[in-house]
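The values are calculated or read from the model by the stated rules, or taken from the named source; none is laboratory data. Model, not experiment: these values are computed from the prediction. Quick reminder, even Gly has a Cβ in these numbers, built from the backbone with ideal geometry, and neighbours come from all protein chains shown.
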Amino acid sequence: MMDQASKLREMISRKSTINEDINLLSSNTNQASSRIICITSGKGGVGKTNFTINLAIALSKQDLRVVVIDADLGLANIDVVTGSIPKFTLLDIIRTDRSIEEIMNDGPGGVKIISGGSGVLDLVDMPQENFDKIIGRLDEVCKYADIILIDTGAGISKSVMSFVLAANEVIVVTTPEPTAITDAYAMIKTVSLQDKGKKIKVVINRSENINEGKITFEKLQNASEKFLNVKIEKLGYLVDDSNVSRAVKLQNPFLLQFPNARVSKNIELIALNVNSSKATSEEGFESKGFFNKVISFFK
């Protein structure tokens, strides 16, 4: 594992000059853009939110500016995991004319968090003037983030799929349990039917060991290729570690509470994979029109 992590670090290091040139070009053209990754799951209870916040912290440790948007409407799971209560949510942009800086709450490990709550659903019947104001403010998030992680709800509801289909990159979190695998496949199928070219990466959580993680991914991979003609990408595995539940009880992300735990090493390796996949990609950053695209699915 350490050899693989070392190779990924070297790869990212070799790309540093290119990335610096890209950042310089972006600053010269005054174009604010971010890489937007949607994290979802076929069913609840697979550890998606816990994965999201710890991935955000791991990416922040790589000197990346990370903003997490809690789009799991009304549940505020990130608040529970981090032990924080957001001062403002998306709707405060309209209610109290808050700026995007004000509604970005300080999270653990240098991560910024935007709480959506029920705000996104309220956009459906919102007057166009207010709607445009929120979209304009959301676009400004790109100025403050290299990576924006969208933590959606579970399942294939309209609200979840609006975020999934608007993003260029999607991470599906599942566990080795048969029901979780089945629901993950249903998510992949739903996405592929509406967007055949969508990049879908998979994380296997709560795996007893690497072998179980590999077998679980291969089941999803084989079914996706055989029945959907869709290629999915393995992003990594997270072992079943009691330190995770201990950290949740302490309301502190496991990467910070237990940095030397096996699961913490797993999340750091996944973060390196996420960073490396972008460093070697020929595609440009995602456009700021993401948020407008999200809401268009509601309208």
Those residues of region 172-186 which are touching a helix residue (DSSP H, G or I) at 6+ places or on another chain (Cβ under 8 Å), surrounded by 21 or more Cβ atoms within 10 Å (Cβ to Cβ) and hydrophobic (A, V, I, L, M, F, W, C) amount to 172, 173, 184
Expected single match for more than 16 Å from the chain's Cα centre (by Cα) and β-branched (Val, Ile, Thr) among 156, 171, 148 is 156
Subset of region 86-98 that is within 27 Å of residue 58 (Cα to Cα) and at pLDDT 80 or above - its residue that is surrounded by the fewest Cβ atoms within 10 Å (Cβ to Cβ): 87
Assess whether residue 199 counts as being buried (at least 17 other Cβ atoms within 10 Å of the Cβ) and at pLDDT below 95. yes
The one condition in (1) in contact (Cβ under 8 Å) with a residue 24 or more places away in the chain; (2) surrounded by fewer than 17 Cβ atoms within 10 Å (Cβ to Cβ); (3) out of contact with any helix residue (DSSP H, G or I) (no Cβ under 6 Å at 6 or more places or on another chain) that residue 228 fails to fulfil: (3)
Of everything in region 101-136 that's more than 16 Å from residue 150 (Cα to Cα) and of a type in the set (A, V, I, L, M, F, W, C), which residue is modelled with the lowest pLDDT? 124
Answer with yes or no whether residue 216 is of a type in the set (S, T, N, Q) and either surrounded by fewer than 20 Cβ atoms within 10 Å (Cβ to Cβ) or more than 28 Å from residue 33 (Cα to Cα) (or both). yes
Do you know which residues across region 8-49 are under 30 Å from residue 176 (Cα atoms), among the polar types (S, T, N, Q) and modelled with pLDDT under 95? 49
